[in-house]
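Down below is the structure, laid out as structure tokens.
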Amino acid sequence: MTVENKRPLTLRDVSEASGVSEMTVSRVLRNRGDVSEATRARVLAAAKALGYVPNKIAGALASNRVNLIAVIIPSLSNMVFPEVLTGVNEVLETTALQPVVGVTDYLPEKEERVLYEMLSWRPSGVIIAGLEHTEAARAMLRAAGIPVVEIMDADGAPVDAMVGISHRRAGREMARAILDAGYRRIGFMGTKMPLDHRARKRFEGFTEKLAKNGVEIEDRAFYSGGSALAKGREMTAEMMTRSPDLDFLYYSNDMIGAGGLLYLLEKGYDIPGRIGLAGFNGVELLQGLPRQLATMDACRNEIGRKAAEIIVARLETPPQEVDSQVVLTPKISYGDTLKRE
């Protein structure tokens, strides 16, 4: 049995099916030129019935750009980034632009490769997580000749545009809230931070604020890979065995914080009296926990939306004036695990 090789549909097929010239079909499909509504409807109906999809590569060769926005993020398993993508998509879905996602696994050399491949397709813009990149990646971003928006961070200088929060400030603000609530014997748990620059900056801001008030972190633990919820339980159990006098646990993200909370509740700890807890990210999924974990919203959806709005505005003809450095302010949610001032 042989499989018939079907030829791709062409403008001529749509032209014959709709009874109008190929030029008219082209105008309708590109939404250009003066075409009556009746003719437009006939052409679109014929194209839809045939299953015709325009070959945009030909148009890209003429314009040197395709209607794709490269969105480069560290992870799809971390639920932080799907919320950013949702914000990006909410803006782009009203335009001809489509997001295309690349994942770097927090590896600078992989980010470089992903960026190289994506730029080789000549996208109309780039949205990329973080402000830290290899020199080669920064050179590619500078030379791309398209709008580039670095997202999630505001502690540094962008190549072009930037939308994010100050993670150092976020760390300082959480430290202030913890100190104001009277906690002093503090443990920290988080991801291994050499490659997670935003977690590192929060940690730096956090310890800086504590130090200015004469307090040092008494115990710390770091993890990589595996289930964050399980890691949170495991690390919390180990830390409370090592340092039973701790009265507060600060987690670099909500998922390990949730694991720690479940462990402490299981062991009968008085929360937030005997011990308080806080995470980071404001993950909506965790609102079903027995207690609401104190946290800080990282403005993820808004970051995605603002980044996409900058790209869209700058691709207008003529480009629209838009603020290219947007710093958002996350707010602390005290939940049930952090005593209020």
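The values are calculated or read from the model by the stated rules, or taken from the named source; none is laboratory data. For clarity, every value in this text was computed on a predicted model and none was experimentally measured. Cβ sites come from the backbone with ideal geometry, for glycine too, and all protein chains shown count toward neighbours. Quick note on the areas: whole protein, heavy atoms, side chains included, nothing else; ligands and nucleic acids left out. Shrake-Rupley method; radii C 1.70, N 1.55, O 1.52, S 1.80 Å.
Computed from the Kirkwood radius of its Cα pairs, the Stokes-Einstein diffusion coefficient for segment 74-122 at 25 °C and 0.890 mPa s stands at 204 µm²/s.
Within the listed set GLY279, GLY156, GLY171, the residue fluctuating most in the Gaussian network model of the chain (springs between alpha-carbon atoms under 10 angstrom) is GLY156.
Averaged over its residues, the chain has an accessible area of 50 Å² per residue, based on protein heavy atoms and a 1.4 Å probe. Considering only VAL322, VAL148, VAL312, the mean-square fluctuation computed in a Gaussian network model of the chain, springs between alpha carbons under 10 angstrom, is largest for VAL322.
Semi-axes of the equivalent ellipsoid of segment 244-321 are 40, 11, 8 Å, computed as sqrt(5λ) over the eigenvalues of the C-alpha gyration tensor in descending order. Every Cα-Cα pair in segment 157-217 was counted, and those over 13 Å apart are 63% of them.
Explain nothing, just the number: relative contact order of the chain, from Cα pairs under 8 Å at least 6 residues apart, as a whole percent. Result for the chain is 16 percent. For SER77 and GLU316, the FRET efficiency from 1/(1 + (r/R0)^6), where r spans their Cβ atoms and R0 equals 51 Å, is about 0.90. In segment 235-341, Cα pairs under 8 Å separated by at least six residues give a relative contact order of 28 percent.
Across q = 0.10, 0.16, 0.25 Å⁻¹, segment 70-168 modelled as identical point scatterers on its alpha-carbon atoms has Debye log10 I(q)/I(0) values of -0.24, -0.64, -1.63, in the order of the q list.
Scanning residues 5 or more positions from VAL326 or on other chains, those with amide H under 5 Å from its amide H are MET162, VAL163, GLY164, with H placed 1.01 Å from N in the peptide plane.
Other residues with beta-carbon under 13 Å from the beta-carbon of VAL283 carry, at +1 per Lys or Arg and -1 per Asp or Glu, a net charge of -3. When only the Cβ of Lys, Arg, Asp and Glu is charged (+1, +1, -1, -1), the dipole of the chain relative to its Cα centre reaches about 320 debye. Cβ-Cβ distance of ALA41 and TRP121, R₀ of 22 Å, FRET efficiency by 1/(1 + (r/R0)^6): the value works out to about 0.10.
For the residue pairs LYS48/LYS306; LYS209/LYS231; LYS192/LYS231; LYS212/LYS267, the alpha carbons lie more than 22 Å apart in LYS48/LYS306; LYS209/LYS231; LYS212/LYS267.
Element breakdown for segment 189-288 at a 1.4 angstrom probe: carbon and sulfur atoms account for 49% of the accessible area.
Amide H to amide H distances under 5 Å link SER252 with MET189, GLY190, THR191, where only residues 5 or more positions off or on other chains count and H is placed in the peptide plane. Every Cα-Cα pair of segment 15-136 was included, and the share exceeding 17 Å stands at 66 percent. Taking label positions 7 Å along the Cα-Cβ direction at both ASN55 and ARG142, the computed distance is 3.9 nm, reported to one decimal.
Below 8 Å between Cα atoms, with a sequence gap of 6+, how large is the relative contact order for segment 62-112 in percent? In percent, rounded to a whole number, it is 50.
Volume per residue of the convex hull around the Cα atoms, evaluated for the chain, comes out as 197 Å³. Evaluated with a Cβ-only charge set (Lys, Arg +1; Asp, Glu -1), segment 75-127 carries a dipole of roughly 140 debye about its Cα centre, given to the nearest 20.
Helical runs assigned H by DSSP (4 residues or longer) give the chain a calculated mean residue ellipticity at 222 nm of -13500 deg cm²/dmol, each run adding -39500 (n - 2.57) before division by the residue total.
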